[in-house]
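Report on the structure given below.
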Amino acid sequence: MKHRYLPMTEQDQKDMLETIGVSSIDELFSDIPEKVRFKGEYQIKPAKSETSLLKELGRLAAKNINAQEYASFLGAGVYDHYRPIIVDHVISRSEFYTAYTPYQPEISQGELQAIFEFQTMICELTGMELANSSMYDGGTSLAEAGTLAAGHTRRKKLLVSATVHNESRAVVKSYADGQYIDVVTIPHTNGVTDIDKLKEMIDDETAAVLVQYPNFYGQVEDLQVISDIAHEHGALSIVSANPLALGLLTPPGALGADITVGDAQPFGIAESFGGPHCGYFAVSKKLMRKVPGRLVGETNDDQGRRGYVLTLQAREQHIRRDKATSNICSNQALNALAASVAMTALGKEGIKEIAYQNIAKTAYAKQAFEKAGFEVKFGPAHFNELVVDCKAPIQDVNKRLLDQGIIGGYDLSLVDESLANHALIAVTEQRTKEEIDAYVQELEAIHA
Amino acid sequence: MHKDNQSLIFELSKPGRIGYSLPELDVPEVDVTSILSQGVIRKEDAELPEVSELDIMRHYTALSNRNHGVDTGFYPLGSCTMKYNPKINEAVARFPGFARVHPLQDESTVQGALEVVYDLQQHLAEITGMPQVTLQPAAGAHGEWTALMMIRAFHEANGDTQRTKVLVPDSAHGTNPASATVAGFDTVTVKSNEKGLVDLEDLKSKVGPDTAALMLTNPNTLGLFEEDILEMAAVVHGVGGKLYYDGANLNAVMSKARPGDMGFDAVHLNLHKTFTGPHGGGGPGSGPVGVTDELAAFMPKPVVQKVDDRFVLNYDVPQSIGRVKPYYGNFGIYLRAYTYIRSMGPDGLKAVTEYAVLNANYMMRRLEPYFDLPYTQHCKHEFVLSGRRQKKLGARTLDMAKRLLDFGYHPPTIYFPLNVEEAIMIEPTETESKETLDNFIDAMIQIAKEVEENPEIVQEAPHTTVIGRLDETKAARKPVLRYIKEQSPVEETVQ
């Protein structure tokens, strides 16, 4: 069998079998009982050459509408943001992407230092005291925050706001089920968490209150009030935050959050049909030894040179096994690197400017929709998403928009029956005035 | 600061420099205070670096030069399957028609992506011998937990709520017991016998009406095939338990034995191991789960199916354990795995396993005279040496691992599995040439000789890396987990 990934020659094979002292490769598999031995051939597609496989997969890719060719107003947790060109150049360096977890620090200083810098940037943005090296995504990160809180408080109830992304809420529920934790939904009022209902629902069995910032409807929650209510009852305050918005919003750490999680996808990470993205997990110091996943810490070698190692590993599965704080092993290291490059490129000024641009473009879009007679619900605190009454089924509207080169907003009737004909429209810095106007004009045309 | 210190990106920062180019603001300026209340407008800037584009490229290039990947050199890290990461995979994952697709687009606009999902499910079903596959789990441990949740839901649906125990061999990966805990189970450890295999008698004594499942890696973490697998399956199934396959070691048995044919009810795969999704310095991974028809009713939602000529997301799964991840898993990673499988075809995957096993046995036999080999039967894709002979001479396995760094190699996995003293776990993979294996073997033999003749050179290794052995105790006792501007540079002497 000749293949470009397989360097074995016939001569190699002969020499190696001789060294081992067997006459065939089959003999090496003689320990597999006859009854379970697979004798046929996999009924899968035959091998393809590089050229023809590229062609075939290129054809499949071409069947998908994508945000490179279309103007995308679809957000709801995954966004089309500015991706500095250098991000892909850095993560394409194979010293990074072909490495394993940095368990041998002497030859993994690059990865370890990059993670240490990632942890620092996440702390800066969230206002939290420490952050881990990454989680799978924002949804599982929020779920692990919930189970951490239950373990920490020894309580079995999580209050999750209805304004948290529905898919994240679903993941929180699955993880909570695993550990027999109850999940109760706090209703929303006018697009934000209903504070009166929260006060009624919270009790001394509540482990944590989970909210999103900005929330699913693009609104900015009053975190201080929510955190205070949680703390009055001995519960933790958990915030899932869009880290890009934190360029302009007060960080959760300054508003009472005990755990801040989220997804760093807005920083240089492609949509990629939903993954891989990059969860982050940041906490106040008192929770340091309960954090899931890997942490990188600074230390030095015997000559006093500064270096980095994986640390506080006594929390982790490979040391603590069934007593570990989480079962997470692989994380999203390469995407944390991508996010670090994007955060670095934006820097202290760019992070403010990009957040501001989102607010400004969304404000323009709001005005444009309203001027054309389409109601924008909730507000006024919109970050980069608007709930717009399009006065027609969103699926139909979006079909029309596609013909104009536009990927329309998210059909909210899929998650809330009372929001039929409403779309959640994301307006990032990537959208131009012209594209926003075209969206509004097409809505007008539908109703003309 | 020490002159040899690699600068942090924050230390390169200088006010006034920028590294970005945002789109032109083509809408009117707004007064943010008219939109946001004062309390939520950030007062203190986030201290992100202020650097130019070249500063950034130089910084990360410098960091990459301080990192060892498979493309840098041999990486025989047992249990991790550090094989070559094909470049076509990287090209395909970057096609805009895959990379720039939003997960919440209408089904009709993502038929190509869904076809990849569906076709990969079919391929993995055939490879594992499991009828149904979900690609939603993000990594191996996530897959373990997903499958255990499905097993739990199955038992609960049958009214078997007393099945609270998951059996795990003492040689298992740490994720197995950890996943059992987060799926709400208690773990019971099963002993290995003198051959390094699961002790059947111990297993029999530990199963019962409270058994939910047995988690097993086959071949196990010693690289040995569990020959009694059918008897073990009969024992576990006999008491109503389920059999779970940890697919971390699938590279050893492709086209030779399928978990489904061995009696397993659920399987997870590590696509970033066997199927070349790169490891990325620790992730992202992809951990699909395959199950029997009996367990399929409990799969996470949505299930990707083919209806006539269309690919659909089916959310109507009444007994589903729910979502385990937003959207549909790590598409970008399993797309790479799909590309790999399609590059190899059935003959290629068979050759992968045969050459991986041939390489491992060759290395094992050549190293056998120089190191203790606790289990002498043919291995599969990896084998475990013991460094106890060298330990008596004053050099521990850790020392030998560090000495390997001086030869330009990534060391094998060490101190795992736990049932071998001073373990050295070597997995060469099939993508390495005989010359590479021979050179590594020569280095190992030289180190064994050094231990006998000049142990200091091993004890004090590494000698050639950019940094020496780091003080891990200090890192854990006084954790510094982030950079702080005012912080004095780390120069104090170690206590």
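Nothing in this text is a laboratory measurement; each read-out follows from the coordinates by a stated rule. Note that this is a predicted model, so its numbers are computed, not measured. Ideal geometry is used to build each Cβ from the backbone, glycine not excepted, and the neighbour counts take in all protein chains shown.
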>> When the residues of region B:49-95 are narrowed to those that are of a type in the set (Val, Ile, Thr) and closer than 23 Å to residue A:115 by Cβ, which ends up farthest from the other protein chains (Cβ to nearest Cβ)?
In response: B:81
> Within region B:200-275, which helices (runs of 4 or more DSSP H) (wholly inside it) include 1 or more residues that are of a type in the set (Gly, Ala, Ser) and surrounded by 18 or more Cβ atoms within 10 Å (Cβ to Cβ)?
Replying inline: B:229-238, B:259-262
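Out of B:322, B:329, report the one residue that is within 20 Å of the chain's Cα centre (by Cα) and part of a loop (DSSP other than H, G, I, E, B). Full working, then the answer.
Values: B:322 fails: within 20 Å of the chain's Cα centre (by Cα).
Unique residue meeting the criteria: B:329.
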>> Regarding region B:152-169, can at least one residue be identified that is among the charged types (D, E, K, R), at the interface with another protein chain (Cβ under 9 Å from one of its Cβ atoms) and surrounded by 24 or more Cβ atoms within 10 Å (Cβ to Cβ)?
In response: yes
>> If a residue must be surrounded by fewer than 24 Cβ atoms within 10 Å (Cβ to Cβ) and within 12 Å of another protein chain (Cβ to nearest Cβ), how many such residues does region B:124-148 contain?
In response: 3
> Restricting to region A:142-173, what's the tally of residues that are of a type in the set (Gly, Ala, Ser), within 11 Å of chain B (Cβ to nearest Cβ) and surrounded by fewer than 24 Cβ atoms within 10 Å (Cβ to Cβ)?
Replying inline: 2
> What are the residue pairs meeting all of these: first residue in region B:399-411, first residue touching a residue at least 12 places away in the same chain (Cβ under 8 Å), second residue hydroxyl-bearing (Ser, Thr, Tyr), Cβ atoms under 6 Å, and 6 or more apart or on different chains?
Replying inline: B:405/B:465; B:406/B:464; B:410/B:75
> What is the one condition in (1) buried (at least 23 other Cβ atoms within 10 Å of the Cβ); (2) within 14 Å of chain B (Cβ to nearest Cβ); (3) not in a loop (DSSP other than H, G, I, E, B) that residue A:207 does not satisfy?
Replying inline: (2)
>> Out of the residues in region A:311-325 meeting the condition of being part of a loop (DSSP other than H, G, I, E, B) and at the interface with chain B (Cβ under 7 Å from one of its Cβ atoms), tell me which one is farthest from residue A:113 (Cα to Cα).
In response: A:324
> Which pairs do you get when a residue that is closer than 12 Å to residue A:261 by Cα and in contact (Cβ under 8 Å) with a residue 40 or more places away in the chain, found in region A:274-294, comes within reach of a residue that is β-branched (Val, Ile, Thr) and in a helix (DSSP H, G or I), reach meaning Cβ atoms under 7 angstrom, with the pair 6+ apart or on two chains?
Replying inline: A:279/A:140; A:280/A:122; A:282/A:122; A:282/A:126
> Looking at region A:174-191, which of its residues are outside any helix (DSSP H, G or I) and surrounded by fewer than 21 Cβ atoms within 10 Å (Cβ to Cβ)?
Replying inline: A:179, A:180, A:182, A:183, A:184, A:185, A:187, A:189, A:190, A:191
> When only residues in region B:96-107 that are in a loop (DSSP other than H, G, I, E, B) and touching a helix residue (DSSP H, G or I) at 6+ places or on another chain (Cβ under 7 Å) count, which is farthest from the other protein chains (Cβ to nearest Cβ)?
Replying inline: B:106
> Across region B:472-483, what is the total count of residues that are farther than 15 Å from residue A:285 by Cα and among the β-branched types (Val, Ile, Thr)?
Replying inline: 1
> Regarding residue A:49, is this residue more than 47 Å from the chain's Cα centre (by Cα) and either of a type in the set (S, T, N, Q) or facing chain B (nearest Cβ under 7 Å) (or both)?
Replying inline: no
> If you scan region A:412-435, which residues turn out to be over 22 Å from residue A:270 (Cα atoms) and within 9 Å of another protein chain (Cβ to nearest Cβ)?
Replying inline: A:414, A:433, A:434
